[in-house]
1. Reported to two decimal places, what Rg/Rh ratio describes segment 2-73 when computed on Cα atoms with Rh from the Kirkwood expression?
2. Sticking with the crude label model, points 7 Å out along Cα→Cβ, report the distance from R40 to S67 in nm, one decimal please.
3. Would you mind calculating the relative contact order of the chain from Cα pairs under 8 angstrom and at least 6 residues apart, reporting the percent as a whole number?
4. For helix 2-15, what angle does its Cα long axis make with the longest principal axis of the chain, in degrees from 0 to 90 and rounded to 10?
5. Percent of Cα-Cα pairs per 10 Å bin, from 0 to the last occupied bin, for segment 32-81, please list those.
6. For the charge dipole of segment 2-73, defined by +1 on Lys and Arg C-beta atoms and -1 on Asp and Glu C-beta atoms about the Cα centroid, which residue among L44, I33, C8 has the Cα displaced farthest towards the positive pole?
7. Quote the charge dipole size of segment 2-73 about the Cα centre in Debye, to the nearest 20; the model charges only the Cβ of Lys and Arg (+1) and of Asp and Glu (-1).
8. Run the helix sum for the chain: -39,500 (n - 2.57) per DSSP H stretch of 4+ residues, divided by residue count, reported at 222 nm to the nearest 500 deg cm²/dmol.
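All of the numbers you see were taken from the coordinates with simple rules; none came from a lab. Because the structure is predicted, anything quoted here is derived from the model rather than measured. Glycine also receives a Cβ, built like all others from the backbone with ideal geometry; neighbour counts cover every protein chain displayed.
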Amino acid sequence: MVKVYEVCFCDERHNRDMEYQRQIDYQIEYDGIRFEEGLRLDVLIEDLIVSELKAVELRIPVYQAQSMSYLKLSGRHPRAS
């Protein structure tokens, strides 16, 4: 189901002439250990905005923690809203 949302989400970015990349793999290195699988960002918009798409009824805190980790590990930083 999430893939359907992702395709539609990216189509909307395309319609607005925004650059985006889907399913971007990042290798992670922590304390000298390299993780080949690393992490995968759902959508990266304009090489700036990380979008993690979820098809859920209820937003739980772990999703925000996941997004914050992805921002940090990909070298991007959260902006104050």
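1. Rg/Rh: 1.01.
2. Once both label points are built, they end up 2.1 nm from each other.
3. 24
4. The answer is roughly 70 degrees.
5. Computed distribution, short to long bins: 21, 52, 24, 3.
6. Projecting each Cα onto the dipole axis, the largest value belongs to C8.
7. Its charge dipole is roughly 220 debye.
8. Calculated at 222 nm, the ellipticity per residue is -10500 deg cm²/dmol.
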